[in-house]
Amino acid sequence: MLVVTSNDGALAAKQATATIPIVFGIGGDPVALGLVASLNRPGDNITGVYFFTQGLEAKRLGLLHEMVPKATTLAVLVNPNYSEAENQLREVQEAAARLGVQLVVVRANAESDFDAAFSTVVQQRSGALLVCASPFFNTRREQLVVLAARHALPTIYEWRDFAAAGGLMSYGTSLADAYRQAGAYAARILKGAKPADLPVIQTTKFEFVINLKTAKALGLDVPLGISAGADEVIE
């Protein structure tokens with residue numbers, strides 16, 4: 001028997017069993033979350049893939065600034081209930097200072113918060129929006145993309161799925177590659193390997209996706225440097 005899970009499911013699985021092998025795919029730091037003792041020596045019955053969502057918000061803000069270089073104010077949507085929210089805010093605030101732009105921070109941890117958050121972004125005359133990484137936001141992908149389009153806000157997200165759904169841009173871990181690695185670990189364990197002997201994999205493959213159809217709808221001319229650096233362009 002083997003459990004393959006992600007995010008909150010990984011914590012629940014670890015609490016439920018100390019004997020059944022567990023393979024996780026998770027965005028937060030598995031050591032900080034208490035899932036494993038260390039990345040190199042996970043210990044016990046659990047190992048998996050760390051998607052490395054931390055530390056990428058500054059990169060996303062930089063890409064957003066490149067896309068709309070004339071914008072002097074950029075907005076950030078963060079989920080205050082997400083475990084990495086404070087780190088995310090610190091990261092984007094430092095990045096905004098380096099870029100010389102003003103930052104408008106809005107928060108949402110429920111669907112009912114979205115309309116007010118987007119209204120504040122517009123009222124503060126923000127030129128573009130960064131949606132920070134959050135499992136909750138991932139589950140509300142369509143709603144966020146629709147709201148960004150309704151308010152004509154150039155927006156960057158974490159996963160490719162957002163850009164495929166009509167979002168302007170995304171930058172983050174290649175989920176296809178991460179899940180492939182998790183699947184490979186599951187296969188090794190089913191063949192007899194012990195989770196304790198398999199170091200947690202930190203994904204190193206990232207993808208930058210631009211939706212040109214959305215850019216056109218927003219009246220944006222995509223800078224050559226941005227389009228040249230994209231791993232995928234959706235037309």
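Every number in this text was worked out from the coordinates using simple rules, so none of it is lab data. All values reported here derive from a predicted model rather than from experimental measurement. Don't worry about glycine lacking a Cβ; one is built from the backbone with ideal geometry, like all the others, and counts go over all protein chains shown.
Computed values, structure above
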quantity	calculated
Which of Asp161, Asp231 has the fewest Cβ neighbours within 10 Å, and the rest in rising order	Asp231, Asp161
Sequence-separation-based contact order of the chain, relative, with Cα cut under 8 Å and 6+ spacing, percent	22 percent
Debye-sum result for the chain in log10 I(q)/I(0), which assumes one identical scatterer on each alpha carbon, at q = 0.11, 0.12, 0.16 Å⁻¹	-0.59, -0.68, -1.06
Counting DSSP beta bridges with both ends in the chain, the antiparallel % (nearest 5)	15 percent
Lysines with Cα under 20 Å of Lys59, excluding same-chain neighbours fewer than 8 positions away	Lys70, Lys205
Angle in degrees between helix 57-67 and the longest Cα principal axis of the chain, rounded to the nearest 10	30 degrees
Selected from Ala75, Ala108, Ala152, residue furthest toward positive end of dipole (region 52-164; charges at beta carbon)	Ala152
Expected-Rg normalisation [2.2 N^0.38 Å, Cα atoms] applied to region 60-122	1.13
Point-to-point label distance, Ala176-Asn109, nm (Cα→Cβ direction, 7 Å offset)	3.6 nm
Ranking of Lys70, Lys216 by count of other Cβ atoms within 10 Å, fewest first	Lys70, Lys216
Percent of Cα-Cα distances greater than 19 Å, calculated over region 20-116	54 percent
Expected 222 nm ellipticity per residue - DSSP helices of 4 or more, -39500 (n - 2.57), all of the chain, to 500	-11000 deg cm²/dmol
Over region 94-219, equivalent-ellipsoid semi-axes from the Cα gyration tensor in Å	34, 16, 15
For region 90-144, radius of gyration divided by Kirkwood radius, i.e. Rg to Rh on alpha-carbons	0.98
